[in-house]
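Below is one structure; the comments refer to it alone.
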Ligand code: FAD
Ligand code: SF4
Ligand code: SF4
C-alpha cells in the first residue's frame, strides 16, 4: 500500500494529446499512450477506497482499485488478469468509454485533486498485455456438444460469443456486414478507435474456435426460424440503425445526409475500400461548408470527421446549450480545439436551396424547465430566426430500432413501444423460447461498455438455459 495514495503530491496527467494542427490532417488516434513510468505514477494516485465509487459506476464493475495497485507496483500481468476477468475488451473501453460520466467522473479524489486517469491506465495495461503475448485465444478443455447462433458481431454479440465459447459451446456469429465490430468498425471513427484494435480481437476470437458468417443478412438470406432449428439457443444483438428524423420543410434537398451513412463511408474509405459515394464527392466534406445537427457523440464524430476530410467550415447546430449536451464534454473540447464552431440554442426550422441545400433557416431557442431525462427543455424564442449557409448537412439526431418482427419475418416476436426487443431482464429471453437479446436492440442507443456487459450477462443466461434444458430432456 506504500506505493499508493499519491494524489496529494502527484498531479493528474493524461497521455499526451496530439496537437490539433497535426491531428486535423489524419485519422490516427489523437491520444498517445502512457509509458511504464507514467502509468505507474498515475495509478499510484489512487486512494484505494474501501467503497470504490469508480467501480460502482463502471457498468462492468471492474475491480479498478486492484488493477491500479498492481500497475503502480509494476505487476502488469496480474493487473491484466484482473482487468480482463470482467471486461472482454478493456483496450476498447480504455479508449472510448465516456470516463468523465462513468468511472473517472465518480472517483472520490475528483473533487479537489482530479480523478485517477483510470481509462488510460486500462488501455496501457491491455496494450502491454498484447505486446507481451499475455492475451491468448480461448482454449476449450471439453466441447459441450451444444451450438449457439448470434446475430450481430457488434460488442454485445462478440462479448457473448467469447463467454459462450469459454463454456465449450460451438458458437456461430452471423453479421450482414463484411467485417466484425458493428459500430466499433463502421460507426466510431478511427481517430477515437483505430480499426486494427478491433481486427486484432476478431482474429483472436476466430483462433479460439468461434465461427463467423459475414455478409450474411438474417431475415433476407437466412430466416430466424432456420437459425432456431440449427442452434440450441439464438442471441439477437443487432443494434439500432434507423436514423431519427426532424419535421423540417424541404428535407428532400440533396446533400442532407444521415450521420451513419456519412461515418460508415468515411470508415470504409479509411479501411481501403472502394467507395463510390466518397470518390464522387457526395459523401465527402472536402471544401464544403458542413453543418451537423445534433449534440451527441455521433454529432461530435461527424464534425471531427468533416474537419479531417478538409471541409471549408464546420458548424454544429444544437438546440440546447453546452451544459445540456448529451455527448461527452471531452469530445466537445476536442472538437473545439480542432476548429469546429458550435451554435448553441439553435434549431433548424427549414432548409433552402436549388436542388441542393444551400441554407438553413434557424430558430433561436431558450432553456426552460428540466425534462424527464434531467436535461432542460427548450422553447423557441419568438421572432428570433437567422440563416446559416451550408452545402452539406449531416443529421445526427439519434437512432431507433428497425422493425425486427418484419425484418425477421417473425410477427410474434414481442417489442416495446420504442421498437426495441421486449425481454425478461432476469433471463435475457424474448417471448420466443430459446431466443435471447442483448445490447442496443434491447436498451436503445447506448454505450459500448453497456453492450459488453449485456452480452456477457446474456451469454451466462443462455448457458444456464442450454444446460437446464439438456438436464430436463435427459431426465424425461
Ligand atoms: P452494434 O454495434 O450496432 O452491432 C450490431 C451488429 O448487428 C452490426 O454489426 C450489424 O451489421 C449487425 N446486424 C444488424 N442487423 C442484422 C441482420 N439482420 N443480420 C445480420 N447482422 C445484423 N459508445 C461508446 O461507448 N463510446 C463512443 O465513443 C461511442 N461512439 C459512438 C459513435 C457513433 C457514431 C455511434 C453510432 C455510436 C457510438 N457509441 C459509442 C455507441 C456504441 O457504438 C453502441 O452502443 C454499441 O456499438 C452497441 O453495440 P451492439 O453490439 O448492441 O450493436
Ligand atoms: Fe471506466 Fe469504462 Fe474501464 Fe469501466 S470499462 S473502468 S467505465 S473505462
Ligand atoms: Fe481509486 Fe478513485 Fe477508485 Fe477511489 S474512486 S479506488 S481513488 S480510482
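Bear in mind these aren't lab numbers, they're just calculated from the coordinates by the rules spelled out. Being a predicted model, the structure only gives us computed values, none of them experimental. Heads up, the Cβs are rebuilt from the backbone with ideal geometry, glycines too, and the neighbour counts pull from every protein chain shown.
Quick notes on this structure:
- Global geometry of the stretch 1-137, whether rounded, prolate or oblate, following the gyration tensor of its Cα atoms and the 1.5 cut on a/c: rounded
- Stretch gain in nm, segment residue 247-residue 406, where the contour uses 0.36 nm per residue and the Cα spacing is subtracted: 54.7 nm
- Rounded Å value of the spacing that divides the Cα centres of the stretch 122-144 and the stretch 251-269: 37
- Gyration tensor over alpha-carbon atoms, the chain, equivalent ellipsoid semi-axes in Å: 36, 31, 21
- When the P(r) of the stretch 183-229 is calculated, the portion above 13 Å amounts to 68% of the C-alpha pairs.
- Antiparallel DSSP beta bridges within the chain, as percent of all bridges there, nearest 5: 40
- Between residue 354 and residue 474, the contour length at 0.36 nm per residue exceeds the Cα-Cα span by 36.1 nm.
- Placing R0 at 35 angstrom, the Cβ-Cβ distance between residue 380 and residue 110 gives a FRET efficiency of 0.40 after rounding to 0.05.
- Whole-number percent relative contact order across the chain, with pairs defined as alpha carbons under 8 Å at least 6 apart: 15
- What separates the Cα centres of the stretch 298-377 and the stretch 1-71 is a distance of 30 Å.
- Helix-only mean residue ellipticity at 222 nm for the chain, each DSSP H run of n ≥ 4 adding -39500 (n - 2.57), per residue, nearest 500: -10000 deg cm²/dmol
- Model label sites at residue 143 and residue 313, defined 7 Å from Cα along the beta-carbon direction, differ in position by 6.4 nm.
- On the basis of the beta-carbon distance and an R0 of 25 Å, residue 12 and residue 132 show a calculated FRET efficiency of 0.40.
- With each label modelled as a point 7 angstrom along the Cα→C-beta vector, the residue 214-residue 261 pair spans 2.4 nm.
- Difference of contour (0.36 nm per residue) and Cα-Cα distance, residue 196 to residue 230: 9.0 nm
- Inter-part distance where the stretch 411-476 and the stretch 81-111 are each reduced to a Cα centre, Å: 25
- Take every pair of alpha-carbon atoms less than 8 Å apart whose residues are at least six positions apart; their mean separation over the length of the stretch 137-178 yields a relative contact order of 52 percent.
- Across the stretch 309-375, the relative contact order, built from alpha-carbon pairs under 8 Å that are at least six residues apart, equals 33 percent.
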